[in-house]
Structure formats: structure tokens, C-alpha cells
Amino acid sequence: MEIILLKEVLNVGDKHEIVKVKPGYARNYLIPKGLAIIANQTNRSRLAELQRQDEARESKLLGHYQELADRLRDSKLKIGAKAGTSGKIFGSVTSIQIIQALKEQFEIEVERKKIEMPEEVKELGSYTATINLHPEVKAEVDFEVVEE
């Protein structure tokens, strides 16, 4: 069954994408939850209008995203972690800790899926993460993992 996704669905597709799924999954989960609509001719023609509205909304926010990216570029986050004597931390630093640090230090809220970590952060030191604020705006954020 072909459907049009109204929101991004994990392991299925992105917003406004036409995908094929099993009929039961579409009828019993995606459509009742408002995550998708059936991809018939009427809804396919409506899809272009929905995409145009989203692009207009995103273009209005582009300036705001650019401003956030400039603000983040000139700053450095400090993330505390418990570490051993050799500098290895217990566990690792993930995008969740970066989200919390952004919220506490800069009062900026970012979705977890928009943060790209460089590699596994398992030692004290300085690293850089990429935040995809918009398809056209990416911000590089420097963060330092310090011992608590």
C-alpha cells in the first residue's frame, strides 16, 4: 500500500515522502495516529501544496537558524563526566549530553537526531560536533569534556 508520510517515521521514511508499507501497518497504526495518508490521486495533488507550505515556513526560519549557527560557532560547551586517573571517562558522551549542555548554557533546544557526533567520545578532551539546524544551515559546535 502506498502512503504519504505527514511526519518523519523512524525506519519508514521522511516527511512528505511517498512510501510503500504493508496495508495493516498503514491502516492500524500510521493513518489513525495522523502520521500518514493514503497516496491516492487527490492526496498526491495535495502533497505539492503541503511541500510548498513547509518550504515557506522553513525559509522564514532560515534567518533564525543562521543566527543560532553564528552564536554556536563562537562558543565552546563544557560537558562534565566522571573519569578515571588515565583520562578515560566512565561510559561515553552522547548527543543527549550535548543537548543538555546547549539547553543549560545557551538556552537552545535541538532535536537529538540533528546532532552528528564525530566519533565515540570516551576520553577527556576537546571535540567537535555538527548540528544540522536546517538543510542549508549546519553549525559546528566545539565541546570540551572535563572531569567532574
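The values are calculated or read from the model by the stated rules, or taken from the named source; none is laboratory data. Quick caveat, the model's predicted, so the values are computed rather than measured. Here the Cβ positions follow ideal geometry from the backbone for every residue, glycine too, while neighbour counts run over all protein chains shown.
Kindly evaluate Phe90 against the criterion of being among the aromatic types (Phe, Trp, Tyr), surrounded by 11 or more Cβ atoms within 10 Å (Cβ to Cβ) and at negative phi.
In short, no.
Give just the number: which of (1) under 21 Å from the mean Cα position of the chain (by Cα); (2) more than 30 Å from Ala139 (Cα to Cα); (3) of a type outside the set (D, E, K, R) does Ala56 not satisfy?
(2)
Please determine, by comparing only the residues of the stretch 94-129 that are of a type in the set (A, V, I, L, M, F, W, C) and closer than 23 Å to Leu10 by Cα, which one is surrounded by the fewest Cβ atoms within 10 Å (Cβ to Cβ).
If we take residues in the stretch 94-129 being of a type in the set (A, V, I, L, M, F, W, C) and closer than 23 Å to Leu10 by Cα, then Ile96 is surrounded by the fewest Cβ atoms within 10 Å (Cβ to Cβ).
Can you tell me how many residues in the stretch 90-148 are in a strand (DSSP E or B), modelled with pLDDT of 85 or more, hydrophobic (A, V, I, L, M, F, W, C) and farther than 16 Å from Glu67 by Cα?
Here the count works out to 7.
List, please: which pairs have Cβ atoms under 7 Å, are six or more places apart or on different chains, and start with a residue in the stretch 90-102 that is under 22 Å from Arg73 (Cβ atoms) and end with one that is modelled with pLDDT of 85 or more and of a type in the set (Phe, Trp, Tyr)?
Ile98/Phe143; Ala101/Phe143
Which residue out of Arg46, Arg71 is more than 23 Å from His16 (Cα to Cα) and either at pLDDT 85 or above or outside any loop (DSSP other than H, G, I, E, B) (or both)?
Arg71
Mind listing whichever residues of the stretch 14-41 are within 24 Å of the chain's Cα centre (by Cα) and part of a helix (DSSP H, G or I)?
Passing the criteria: Tyr29, Leu30.
Could you say which residue among Lys82, Lys33, Lys76, Lys7 is in the same structural domain as Leu102 (by TED's automatic domain parsing) and either touching a Pro at 6+ places or on another chain (Cβ under 8 Å) or surrounded by 11 or more Cβ atoms within 10 Å (Cβ to Cβ) (or both)?
Result: Lys76 is the single residue among Lys82, Lys33, Lys76, Lys7 that is in the same structural domain as Leu102 (by TED's automatic domain parsing) and either touching a Pro at 6+ places or on another chain (Cβ under 8 Å) or surrounded by 11 or more Cβ atoms within 10 Å (Cβ to Cβ) (or both).
Does Phe106 satisfy the condition of being aromatic (Phe, Trp, Tyr), outside the structural domain of Leu61 (by TED's automatic domain parsing) and more than 21 Å from Leu62 (Cα to Cα)?
No: the conditions fail for Phe106.
Quick check: is even one residue across the stretch 77-85 out of contact with any Ser or Thr (no Cβ under 9 Å at 6 or more places or on another chain), within 25 Å of Leu133 (Cα to Cα) and assigned to a helix (DSSP H, G or I)?
No, every residue in the stretch 77-85 fails to be out of contact with any Ser or Thr (no Cβ under 9 Å at 6 or more places or on another chain), within 25 Å of Leu133 (Cα to Cα) and assigned to a helix (DSSP H, G or I).
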